[in-house]
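A.B. asks: If you scroll down you'll find the structure; I have some questions about it.
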Amino acid sequence: MRSMKTLTRADLAEAINRRLGLSRSESLAMVESILGLMGDALAGGENVKISGFGTFLLRDKSERIGRNPKTGIEVPITPRRVLTFRASKMLKERVAGL
């Protein structure tokens, strides 16, 4: 089994720092700004598409009846908005090639 490393904000800022030569604080501010813009767009009901990477989609789910797996009792599940991610074809191909 492979160990799974997590890419963090700090990792992104470090990559920007190395590749573009910006200071660490400028790099982190850039990462925070991009993530903030994405979060604001999603909170405002917009989808976010990053070409060559994928699309973050908002989906409204209607109310439905669910079942408690432990007791078997039916429970209403309230309507809600969920966030999904659809990877681009390019990203899928890169991941499959690993």
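A.B. asks: What helices (runs of 4 or more DSSP H) completely inside the chain contain at least 1 residues that are touching a Lys or Arg at 6+ places or on another chain (Cβ under 7 Å)?
C.D. replies: The helices (runs of 4 or more DSSP H) meeting that bar are 9-20, 24-43.
A.B. asks: Further question on the same structure: Under 9 Å between Cβ atoms, which residue pairs at least 6 apart in sequence (or on different chains) link something in segment 81-98 that is free of Cβ contacts under 8 Å to residues at least 40 places away in the same chain with a partner that is aliphatic (A, V, I, L, M) and loosely packed, with under 10 Cβ neighbours inside 10 Å?
C.D. replies: Ala87/Val95
A.B. asks: Examine segment 76-85 for a residue that is touching a Gly at 6+ places or on another chain (Cβ under 8 Å), within 23 Å of Arg9 (Cβ to Cβ) and at pLDDT 95 or above, and state whether such a residue exists.
C.D. replies: yes
A.B. asks: So, one more: From the set of residues in segment 47-65 that are exposed (fewer than 11 other Cβ atoms within 10 Å of the Cβ) and of a type outside the set (Ser, Thr, Tyr), which is farthest from Arg94 (Cα to Cα)?
C.D. replies: Ile65
A.B. asks: So which residues in segment 37-76 are under 13 Å from the mean Cα position of the chain (by Cα) and among the β-branched types (Val, Ile, Thr), if there are any at all?
C.D. replies: Val48, Ile50, Thr55
The values are calculated or read from the model by the stated rules, or taken from the named source; none is laboratory data. Only a predicted model underlies this, so the values are computations on that prediction, with no experimental measurement involved. Ideal geometry is used to build each Cβ from the backbone, glycine not excepted, and the neighbour counts take in all protein chains shown.
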